[in-house]
1. Using packing as a proxy for protection, rank 253-265, 442-454 so that the peptide with the highest average count of other Cβ atoms within 10 Å comes first.
2. Express in whole angstrom the spacing between the alpha-carbon centres of the range 435-483 and the range 156-191.
3. Starting from 0.36 nm per residue, how many nanometres of slack lie between residue 435 and residue 107 once their C-alpha separation is accounted for?
4. Provide 273, 184, 292, 423 in ascending order of the number of other Cβ atoms located within 10 Å of each residue's Cβ, fewest first.
5. What order do you get for 123-135, 84-96 when each peptide is scored by the mean count of other beta carbon atoms within 10 Å, highest first?
6. With all distinct Cα pairs included, what does the Kirkwood hydrodynamic radius of the range 387-463 come out to in Å, to one decimal, could you say?
7. In nm, what is the difference between 0.36 nm times the number of residues separating residue 250 and residue 285 and their Cα-Cα distance?
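Bear in mind that the values in this text are calculations on the coordinates, not laboratory data. These numbers were taken from a predicted model, which means no experiment stands behind them. Quick reminder, even Gly has a Cβ in these numbers, built from the backbone with ideal geometry, and neighbours come from all protein chains shown.
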């Protein structure tokens, strides 16, 4: 029967398969490799019809974009549950970014679906995703950002609980309610203060419009909240009156660095409120200090990049004497960082390009978390900007940093796991970022983290076949790294890729060591004739060592085996 089926055209073969049961289609496809390849559309249609499109979940797990496209073209259910998870949930869990983008673009997607555990795609994005993944999810229409999950908690509750500061900041900037109360009567803001992470507290300090939240408004002694009578320059900045600022700065003591009840100088207040005209009027004063500090010890540039105000950042960078490498965030509700740390964590690269154009920028400055009680740790290095950009999945930021060349310490690692940027990208399965990092001339693909895992081993354990293929082609990769990764590989295709590379290296090594094994006898005879015909005694002395070496290599066949290959 099979020879007759092989001779059929694809159109006739699909018509035959359309009249069969699903189990019969699978049995027919499994009987022959030729039929299995030709019956792929029928297999997809049978899976959609009889198995609730569970192949879409398989494609999400293995990041198989071609299979996912074929299933969606045949009308697969993008919202189908399989073992309690939708395809989008599986793509988020296994970091399958290509399939995830394909699923999010489907018009039939219901992004707010929840399983029996009351978990949604947004819940999985907070648990397993990065800022880039969460941004993609937030762009889906009809997404309920404050969708109640288990125990009435929103995604912002989960981000605060797990200490994911950047994800929480992204949720707040997208309109998530910080006062949404769960079943226990706690809001995300209340959880942030109960857990006590300074960096998380700082997110809830600034309101959406840039003004300080009323809950954290600290009035000075003898001043009522909102009272600026003692600080007229602050009052003029708050109202955005450039004319009033020009009149006040003409006074003898304009109090350009005075702190208001919230700890801001006039320049800090102008940045926080995005008063560009007021900011221009302040910067035109000859005595203004562009690196002045607020009560928390932060400069205007640090605050502007922290709040992602590009307009004020551009104006400050144009000023003379700006300190672009200032380490700020040592207040009670902040985390220690630099302006470069802020901009590499963002999706766009506008402010990053501006900072990289500054001649004094330090690309390798990393700072560790410092508490008010451990000021002695102020010089500890950790988490450089390149690692921060890799953790957030920003290939454009990584590309801009790699283009800086030798000035970038590309092999710096994080303070915790001691992962390099290449380790982070390989573990996340980001093949594009791995290619970008390998373009740097000083990158070391063999550098291990705290647990003695190099990038190739991390990619093998994560079953990221594309990343493994990219790494094994790099000539700087050591043979030891290939063997270790080959021993730990479980996926068949990954083992084939590594085994092929190992066999190729063995073949090259044998060819290199076997090439100069013996000297030809004709060369020895020629050397002997030259010595015999040499009339000059000095010439004989010069050629004699060559003759002896030639004869030794020819007469002793084991001499090559005893040599240690270089």
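1. Top of the packing list down: 253-265, 442-454.
2. Spelled out, the Cα-based centre of one part sits 37 Å from the other.
3. Result for the pair: 114.8 nm of gain on full extension.
4. If I rank by nearby Cβ atoms, fewest first, I get 184, 292, 273, 423.
5. Averaged packing, sorted descending, gives the order 84-96, 123-135.
6. Kirkwood hydrodynamic radius for the range 387-463: 12.1 Å.
7. Numbers: separation 35, 0.36 × 35 = 12.60 nm, distance 0.88 nm.
Result for the pair: 11.7 nm of gain on full extension.
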